[in-house]
């Protein structure tokens, strides 16, 4: 039961190598990398690896006359392109980002995927978000049941939890493995998006939770790392203004965009630091609260050792 990954990536070569090497260690048969920027070093360094397929998608290399302005639209277009043109020989294709790392808990991914019923075309992997700690590798999880999740979130994050979904700064939907071969099986259209797939208009047909695997998301691994991406995410990414609040405005809810802008306007960088400290830093108090709810994870991804193994000249 072979599987592969498609990823639209804009990152330094070293980060791409760590992402690819880690998943090759897990057993990925093929990794399809769509370079979202003009990164000739990455293109030349990676394109000769037998398990990688590397595509340039910036500027004139885009596949049609008009390159979409939103990166979310480009991500979905690249996922569809990979599924339609380059998924041959794979049984399943996962669409994840360069800061996301699949973590099978007890059973290899190939066996988990092989155990899914034939009617399942979409297998969802739920995320866990990295916490900052100077020495250890902690992650926070969340409960899928929405009502329980909100109650737990407000208990775990007492100041800001009311405005957060599971205490996460990024997505809680997770990402999908999609079974390949839908078009050969008679489907007319496969619309592979960031968090869902539509096959002839049916959303995530036969979806199962791949509960034996978690998706480790290194979204904000330090305050400096978070701030380096903060402005872009606020304007164009996962904190952008158009997204809905966790609870309606009429019930006192704020979008993450509104919350962060309010904190910055009232307290400046100190307000953002206070937010990060409560939500993203592995303080003893937060670790205790997460553990009490069964939502603390401790994974060492060993990214650099995997990179040195698969890219020994790095």
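Being over 19 Å from the mean Cα position of the chain (by Cα) and in a helix (DSSP H, G or I) is a description that applies to residue 42. No other residue among 263, 256 is touching a helix residue (DSSP H, G or I) at 6+ places or on another chain (Cβ under 6 Å) and either touching a residue at least 60 places away in the same chain (Cβ under 8 Å) or surrounded by 13 or more Cβ atoms within 10 Å (Cβ to Cβ) (or both) apart from 263.
Do we have residue 77 as surrounded by fewer than 18 Cβ atoms within 10 Å (Cβ to Cβ), under 18 Å from residue 178 (Cβ atoms) and at pLDDT 95 or above here?
Numbers: surrounded by fewer than 18 Cβ atoms within 10 Å (Cβ to Cβ): no; under 18 Å from residue 178 (Cβ atoms): yes; at pLDDT 95 or above: yes.
Against the criterion (surrounded by fewer than 18 Cβ atoms within 10 Å (Cβ to Cβ), under 18 Å from residue 178 (Cβ atoms) and at pLDDT 95 or above), residue 77 does not qualify.
Which members of region 266-282 meet the condition of being surrounded by 14 or more Cβ atoms within 10 Å (Cβ to Cβ) and over 24 Å from the mean Cα position of the chain (by Cα)?
First, the residues of region 266-282 that are surrounded by 14 or more Cβ atoms within 10 Å (Cβ to Cβ): 271-282.
Hits for region 266-282 are 271, 274.
Per-residue answers, yes or no, for (1) assigned to a helix (DSSP H, G or I); (2) under 19 Å from the mean Cα position of the chain (by Cα); (3) without any contact (Cβ under 8 Å) to a residue 40 or more places away in the chain; (4) surrounded by 21 or more Cβ atoms within 10 Å (Cβ to Cβ):
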site	(1), (2), (3), (4)
7	no, yes, no, yes
20	yes, yes, no, yes
73	yes, yes, yes, no
84	yes, no, no, no
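Here residue 88 fulfils each of the conditions (1) modelled with pLDDT under 95; (2) over 19 Å from residue 190 (Cβ atoms) apart from (2). Residue 170 meets all of the listed conditions (1) surrounded by fewer than 18 Cβ atoms within 10 Å (Cβ to Cβ); (2) touching a residue at least 60 places away in the same chain (Cβ under 8 Å); (3) assigned to a loop (DSSP other than H, G, I, E, B); (4) under 21 Å from the mean Cα position of the chain (by Cα) but one, namely (1).
The values are calculated or read from the model by the stated rules, or taken from the named source; none is laboratory data. Just so it is clear, the structure is predicted and the values come from calculations on it, not from any experiment. Cβ: placed from backbone, ideal geometry, glycine included. Neighbour counts: every protein chain shown.
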